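Working notes for the structure below.
What follows is calculated from the coordinates using simple rules that are stated; it is not laboratory data. Bear in mind the structure is a predicted one, so any value in this text is a computation, not a measurement. Note that we place each Cβ from the backbone using ideal geometry, even for glycine, and neighbour counts take in every protein chain shown.
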Amino acid sequence: MLNIVSFSFKDINTRGGENEDTLVCDVYFQDEILWHRVVIGTKFWQDLRALCKEYNLGHMFGKMDLATLKILLSSNAD
């Protein structure tokens, strides 16, 4: 599990080939599930950032990008 402020990424699984892993996990906000078995990729990251911006939570992520998130998630894989 990985926590970023009020967000939790749980049940993280890595799937894929040798050069390109796909990360799949459940995403919670304050212990309430937002997405179940979501694939972490560009579209997910854009959707999450847009949601945070809409609720004035964009500052929570600072300058974190998708590559950094993937590294953090893969290092916290179950």
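Listed values, structure above:
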{"read-out": "Computed over segment 8-67: relative contact order in percent, which uses C-alpha pairs under 8 Å that are six or more apart", "value": "22"}
{"read-out": "Rounded to the nearest 20 debye, dipole of the chain from Cβ charges on Lys, Arg, Asp, Glu", "value": "220"}
{"read-out": "Answer label for log10 I(q)/I(0) by the Debye sum over Cα atoms at q = 0.10, 0.11, 0.13, 0.26 Å⁻¹ (calculated), chosen among [x] -0.21, -0.25, -0.36, -1.49; [y] -0.24, -0.29, -0.40, -1.43; [z] -0.34, -0.40, -0.55, -1.12", "value": "[x]"}
{"read-out": "Helix 42-54 axis, angle to the chain major axis (alpha carbon atoms, nearest 10°)", "value": "10"}
{"read-out": "Value at 222 nm in deg cm²/dmol, rounded to 500, when DSSP H runs of n ≥ 4 in the chain each add -39,500 (n - 2.57)", "value": "-9000 deg cm²/dmol"}
